[in-house]
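Down below is the structure, laid out as structure tokens.
Just so you know, all these numbers are worked out from the coordinates, no wet-lab data involved. Everything numeric in this text was worked out from a predicted model, so none of it was measured. Glycine gets a Cβ as well: all are built from the backbone with ideal geometry, and neighbour counts include every protein chain shown.
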Amino acid sequence: ETEPGVTVLHPYNVWLGVNVELKPGVILDASDGPIVIDDEVLVMSNSVIIGPCYIGKKSVIKIGAKIYQSCSIGPVCKIGGELEGTIIQAYTNKQHDGFLGHSYVGEWVNIGADTNNSDLKNTYRNVDLYSYATKQKYDSGSQFMGCLIGDHVKLGINSTINTGTIIGT
């Protein structure tokens, strides 16, 4: 059962854990894939979640968050702003506005308010990734590739991250 004012599209494709709290105005759109919201998650008002998507235990989705397809959010995270095609590991915070797309974020990361990343080159070609081990660039094989952020990284407010950036631990 959900609060009045919560909209669920394709409810048989939505799984809610124990003690999940969905505030009024939340939209869960499972038209394109399943949405799994694990135990004790709070989804604040006016957030939109589009499947496929997984949200880990005890995470908080902040007011007005926009979570597009293909996201996986680990346990005990705080997520706000806009997220697309991104994997976020445990205990990571991206609480404020800003875009994070087609990226991988490690554990215990803090992403400052209004931080944005680019996930598409202006040439529309595949994104190159740099290997610190070989000191060479490699074709990612993908036109959309945001950033790779290692564990314990702290990004200040208004950070701008270029396409294909790798930020080590």
For this session: For the range 99-169, evaluate the Debye formula with one uniform point scatterer on each Cα (no solvent term) and list log10 I(q)/I(0) at q = 0.16, 0.21 Å⁻¹, rounded to two decimals.
Result: -0.54, -0.89
Seminar exercise, completed: FRET efficiency (E21, S131; Cβ distance; R0 41 Å; to 0.05) is 0.45
For this session: From zero up to wherever the largest Cα-Cα distance of the range 31-118 sits, split into 10 Å bins and tell me the percent of pairs in each.
Result: 21, 61, 19, 0
Exercise. What FRET efficiency would be calculated for the residue pair Y138, D114, taking the C-beta separation as r and a Förster radius of 35 Å, to the nearest 0.05?
Worked result: 0.70
Exercise. Any idea what the relative contact order of the chain is, in percent, if you count C-alpha pairs under 8 Å spaced at least 6 apart?
Worked result: 13 percent
Exercise. Taking 0.36 nm per intervening residue step and subtracting the Cα-Cα distance, what contour gain separates N122 from I166 on full extension?
Worked result: 14.0 nm
Problem set entry | Linear extension gain, D97 paired with D32, 0.36 nm per residue minus alpha-carbon span | 20.9 nm
Seminar exercise, completed: For the chain, the Debye formula with one identical point scatterer on each Cα and no solvent gives log10 I(q)/I(0) at q = 0.08, 0.13, 0.15 Å⁻¹ as -0.24, -0.61, -0.79
Exercise. Along each of its three principal axes, how wide is the spread of alpha-carbon positions in the range 1-62, in whole angstrom units, largest first?
Worked result: 24, 22, 20
